[in-house]
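Peer 1: My questions will all concern the structure given below.
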Amino acid sequence: MITNKEKNFISVVIYVRNLEGQIYNILSLLHTAYEKHFEKFEIICVNDASEDNSRKEIVRFSKEKMSAILSIVDMSSFQGKEASMNAGTDLAIGDFIYEFDSMIFDYDETLIMKTYYKSLEGYDIVSVAPENISSLTSKLFYKIFNRYALTKNTVQQESFRLLSRRAFNRAKSLNRTMAYRKAVYASCGLNAAVIFYKNNVKGRKIEKEEKANRTEIAMDSLILFTNVVQKISLYVSFLFLGITVTIGFYTWGVYFSERKPVEGWTPLMLFLSLGFFGIFLILTITLQYLSVILRLIFKKRQYLIESIEKMTNN
């Protein structure tokens, strides 16, 4: 038994969505790890409108095994991982905050403390990431994001992460809505580290609602935190500039040629079609930018909470 436990207060935020068959064992694993190493800690379960008995399992665990404070944050409706985790971390009061937003526990529990000791070396953000990613779309997203990101720190698929209070406060001051937490953390300017571990590539089935939510966040993140859209706009502009110059030379050649066909209609229509296509493409990109800006500036509520229940057996 460890007698000299860590003095820092730890907050553990867990995303819960239809985990009836897993959440009790997950809480047991995490509770044992934190109780063993820390004097004081709290666990915050964010229930994102689960349609099964996940909440009952959390309450059962609290009554049977919990020795610290356990809070349940019930979202009023399904709002996705980002908004739900924001609700949980806003409630956290710890000196350090653990974020468990992935319920794939394919790593050794010793990594929980390795992240903490790594943070004590001077890293405000420590992430634990698998070496292998099963989803091709995820691989493509991270490759594009990191290629065009506006920050030196990269992002990757993560199993969980640890934030210092300073990192969390800075990230919230930079972006109150926290559209994509990993990108905000990467761009906050504080020291970050990643601990990789070997895993099997088998993923989990993603619900339709969550998949749509992820797609929206991915698109918003590419616009907000990378210059990939600007690059696309620039390439499209140069493409149509090249088409314009080519059509111009063609028209000039036809004008001075010996034969005088009535063929001007074809290149003219081709030019107009491609030109309007380019204009509409750039307008679409512009409108997407404006849509994101409006959501970030005028969105009054970041998330909607139905209730918060705090339980303790002390």
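The values are calculated or read from the model by the stated rules, or taken from the named source; none is laboratory data. Keep in mind that what you see is a predicted model, and the values were worked out from it rather than measured. Positions of Cβ are generated from backbone atoms using ideal geometry, with glycine treated the same way; all protein chains shown enter the neighbour counts. Heads up: the accessible areas ignore ligands, DNA and RNA and are worked out on the full protein's heavy atoms, side chains in. Shrake-Rupley method; radii C 1.70, N 1.55, O 1.52, S 1.80 Å.
Peer 1: Apply 1/(1 + (r/R0)^6) to the Cβ-Cβ distance of LEU272 and SER135, taking R0 = 35 Å, and write down the FRET efficiency to the nearest 0.05.
Peer 2: Details: r = 41 Å, r/R0 = 1.17.
E(calc), rounded to 0.05, equals 0.30.
Peer 1: Also, quick follow-up: Which percent of the accessible heavy-atom area of the stretch 1-86 goes to carbon and sulfur, probe 1.4 angstrom?
Peer 2: Working: 1640 of 3460 Å².
So the carbon and sulfur contribution to the accessible surface is 47 percent.
Peer 1: So, one more: With each label point set 7 Å from Cα along the Cα-Cβ vector, what nm distance links GLU216 and ARG166?
Peer 2: Taking the two extended label points, one gets 3.6 nm.
Peer 1: Estimate the FRET efficiency between PHE196 and GLU39 by the formula 1/(1 + (r/R0)^6), using the beta-carbon distance for r and 30 Å for R0, to the nearest 0.05. Don't jump to the answer; show the numbers that get you there.
Peer 2: Details: r = 30 Å, r/R0 = 1.00.
My answer for the efficiency is 0.50.
Peer 1: Now a separate question. At 7 Å along the Cα-to-beta-carbon direction for both THR284 and ILE247, put a label point, then send me their distance in nm to one decimal.
Peer 2: So the two model labels end up 1.9 nm from each other.
Peer 1: For the stretch 72-145, taking Cα atoms only, what is the radius of gyration to one decimal and the Dmax to the nearest whole Å?
Peer 2: Gyration radius and largest Cα-Cα distance of the stretch 72-145: 14.9, 40 Å.
Peer 1: How many nm is it between the label spots at GLU20 and LEU304, if each spot is 7 Å from the Cα in line with the beta carbon?
Peer 2: Using points 7 Å along Cα→Cβ, the separation is 2.5 nm.
Peer 1: What do you get for Rg/Rh over the stretch 43-185 if you use C-alpha atoms and the Kirkwood form of Rh? List each step's numbers first, then the result.
Peer 2: On the way: Rg = 16.1 Å, Rh = 16.7 Å.
Value, to two decimals: 0.96.
Peer 1: So, one more: On a full-extension model of 0.36 nm per residue, what is the gain between GLU158 and PHE9, subtracting their alpha-carbon distance, rounded to one decimal in nm?
Peer 2: Details: separation 149, 0.36 × 149 = 53.64 nm, distance 2.33 nm.
Computed gain between GLU158 and PHE9 is 51.3 nm.
Peer 1: Further question on the same structure: So, for the stretch 1-153, what is the accessible surface per residue at a probe of 1.4 Å, expressed in square angstrom? The partial results should precede the final answer.
Peer 2: Working: 6700 Å² over 153 residues.
Heavy-atom SASA per residue in the stretch 1-153 reads 44 Å².
Peer 1: Further question on the same structure: Using +1 at the C-beta of Lys and Arg and -1 at the C-beta of Asp and Glu, which of VAL73, TYR34, ASN86 has the Cα lying farthest in the positive direction of the dipole of the stretch 14-93?
Peer 2: Projecting each Cα onto the dipole axis, the largest value belongs to TYR34.
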